[in-house]
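Please treat every number below as a calculation from the coordinates, not as lab data. All of these numbers come straight from a predicted model, not from anything done at the bench. Ideal geometry is used to build each Cβ from the backbone, glycine not excepted, and the neighbour counts take in all protein chains shown.
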Amino acid sequence: MSTIDTRELRNAFGSFMTGVTVVTAVSDSGEKVGFTANSFTSVSVDPALLLVCPSNKLSSFEVFNQCKHFAINILAEDQQDISNTFASAKGDRFADIEWHADENGCPIIAGSVAHFSCSTFNTIPAGDHILLVGEIQDFAANDKPGLGYSRGGYFSLGMEHKAEELTHLIGKVGAIIEHNNQLLLKKTEQGYTVPQVSTSKDQGSKNTIQQYLKEKGLSCKVSSVYSVYENPEAQAFSSYYRAVADNDVVTEGCEYVSINELKNIQFCSADVQSMLLRYVHEKHNGVFRLYVGDEKSGDIH
């Protein structure tokens, strides 16, 4: 029997794009507990069943292993901070979020895409997890875009679609390429900028930057759109995507700069400087958001 590399197995599992949920319950003593999970799936319509897979390493594992009721909250695209809180924070995870209790006392998170209040139908031991099967007693849903997760990072289809809708107006598309806490920057006479290229309307902005990076010999995984800047005078937009490089190979005129040094260098324009300093701040906080606007004002999603 071959030995399985658990790290590589997790990476393979992570290639499956999922939504993000927060699973909640209440202990016998009245303590509210919850954890972030993407191991969620529908099981049956008649009876109405779903399942989630709590790890036996959870501090609240025994609560979920013995609970009679629990709730599933499917997070919206603007709830990354809630996902991070229930994935890592300690103490009272419910203190800084808006929620209400369902009929069984399980927390329902405000602003979620959907929630399901369940009674426990079955628990099945499965390796280092359990299959927690719930019978749905009540639920609600809306048409908000959901929060996605793949390969260790969040994505938002709603924001991706919004950016692609502007493709016919986008003049340039660039990439914020990270490798080992460094960003790949291009040096110009005006200052540093990021690798970018004129948009191909036939390909769309994301496909254009992916093709450009490939032609430059850069092996990168391009993820979500990060900023869309409007140039009112040119009546055009510039879009920028987050990307992670597989190695430290650089292309002509480019160099890697430590993220910690970005505040000390000169950039070619105010919008690029603002974008990259925001990137540093959001990386430290673990939550990346999409900016749509010009160099002076805009909306952060």
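Below, the figures for the structure above:
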item	result
Neighbour-count order for Thr6, Thr41, Thr123, fewest beta carbons within 10 angstrom listed first	Thr6, Thr41, Thr123
Counting DSSP beta bridges with both ends in the chain, the antiparallel % (nearest 5)	85 percent
Alpha-carbon centroid distance for the pair the range 185-218 / the range 59-98, whole angstrom	39 Å
Helix-only CD estimate at 222 nm, as mean residue ellipticity for the chain, using -39500 (n - 2.57) per DSSP H run (n ≥ 4)	-6000 deg cm²/dmol
Value in Å of the Kirkwood radius, where the chain supplies the Cα pairs that are averaged	21.3 Å
23 Å tail of the calculated P(r), the range 6-150, as % of Cα pairs	30 percent
Label-to-label distance, nm, for residues given as Asp143 and Ser39 (7 Å Cα→Cβ offset)	3.5 nm
